[in-house]
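Let me begin by presenting the structure, written as structure tokens, before commenting on it.
The values are calculated or read from the model by the stated rules, or taken from the named source; none is laboratory data. It should be emphasised that the depicted structure is a prediction, and the values quoted were computed from it without experimental measurement. A quick note on method: Cβ atoms are made from the backbone with ideal geometry, for glycine too, and the neighbour counts reach across all protein chains shown. All accessible areas refer to the heavy atoms of the entire protein, side chains included, with ligands and DNA or RNA removed. Shrake-Rupley method; radii C 1.70, N 1.55, O 1.52, S 1.80 Å.
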Amino acid sequence: MIKEIYTRRSIRRYIDKKIPDECINEILKAGMNAPSARNLRPYEYIVVKDREMLTKLSQIRDCMHMLAYCDFAIISLARETMYFWQQDMGAATQNMLLQSHSMGIGSCWMGIYPEDEPYFRELFDIPEDLRVFNIISFGYTSDEKEANNYFDDNRIHYEKYTKRK
């Protein structure tokens, strides 16, 4: 798994190749098996495969352009009344990103909450008791990206915070 952590990247270019439903289910299972505060598991998901809808979503913001080319997207919803729902959703999203990468599927996480939430709520008829946390694009890619190493020991403090020069 450490290889997937170091080599996973946000992928914004996809090739025209279908992802099997079994792979989509494995990605969703990974998300639903993330750590959750008090095991409340606040998540629900909308899987979007419709090409017209993906194209429409790609026009919301410039940073969402890749939705027009991905094979499918997952919209992450959360019950806000549950304890620490943002942390739970971040952990679930990371699990889905790593699972898709381990299967050779590229992905890109785009935030929705809170700014674009009303648009998604209306478009997908999402009830008021759910928050629209993010959307993730998925697709096969021909991009090859180098592994990063963002480790920086200047950001590590032991026992108490120590101001660095």
Quiz prompt | Projected label distance in nm at E115 and Y83, using a 7 Å step from Cα toward the beta-carbon | solution = 3.2 nm
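So how strong a dipole does the chain carry about its Cα centre when Lys and Arg Cβ are +1 and Asp and Glu Cβ are -1, to the nearest 20 debye?
Details: 23 positive and 25 negative charges, 142 e Å.
The calculated dipole for the chain is roughly 680 debye.
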Practice problem: Calculate how many DSSP beta bridges within the chain are antiparallel, expressed in % of all such bridges and rounded to the nearest 5. | Solution: 95 percent
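In the chain, once you exclude exposed GluC sites (Glu not before Pro) (DSSP loop, at most 16 other Cβ within 10 angstrom), what's the longest stretch remaining? Show your work: numbers first, answer last.
Working: sites that count: E80, E115, E128, E144, E146, E159.
The segment 1-79 is the longest one with no such site.
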Practice problem: Calculate one ³J(HN,Hα) per residue across region 113-123 by plugging θ = phi - 60° into the Karplus curve 6.51 cos²θ - 1.76 cosθ + 1.60, and present them in order as whole Hz with x for glycine and proline. | Solution: 5, x, 4, 9, 4, x, 5, 5, 4, 5, 4
Exercise. Mind checking the per residue accessible area of region 31-98 for me, 1.4 Å probe, whole number of Å²?
Key: 50 Å²
Practice problem: Mind checking the full-extension length gain between L123 and M1? Use 0.36 nm per residue of separation minus the Cα-Cα distance, one decimal, nm. | Solution: 40.3 nm
Exercise. Rank A73, A34, A147 by mean-square fluctuation in a GNM of the chain with C-alpha springs under 10 angstrom and give only the top-ranked residue.
Key: A147
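Could you compute the longest span of the chain free of chymotrypsin sites (Phe, Trp or Tyr not before Pro) located in DSSP loops and having at most 15 other Cβ atoms within 10 Å, not counting the site residues? Please report the intermediate quantities before stating the final value.
Working: sites that count: Y83, F84, Y150, F151, Y158, Y161.
Longest run free of exposed loop sites: 1-82.
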Quiz item: At a probe radius of 1.4 Å, what is the per-residue accessible area of D153, in Å² to the nearest 10?
Solution: 100 Å²
Self-check item: Helix-only mean residue ellipticity at 222 nm for the chain, each DSSP H run of n ≥ 4 adding -39500 (n - 2.57), per residue, nearest 500
Solution: -9500 deg cm²/dmol
Self-check item: Top of L97, L28, L40 by mean-square fluctuation, Gaussian network on the chain, Cα under 10 Å
Solution: L40
Practice problem: Express the carbon and sulfur contribution to the solvent-accessible surface of the chain as a percent, rounded to the nearest whole number, probe 1.4 angstrom. | Solution: 49 percent
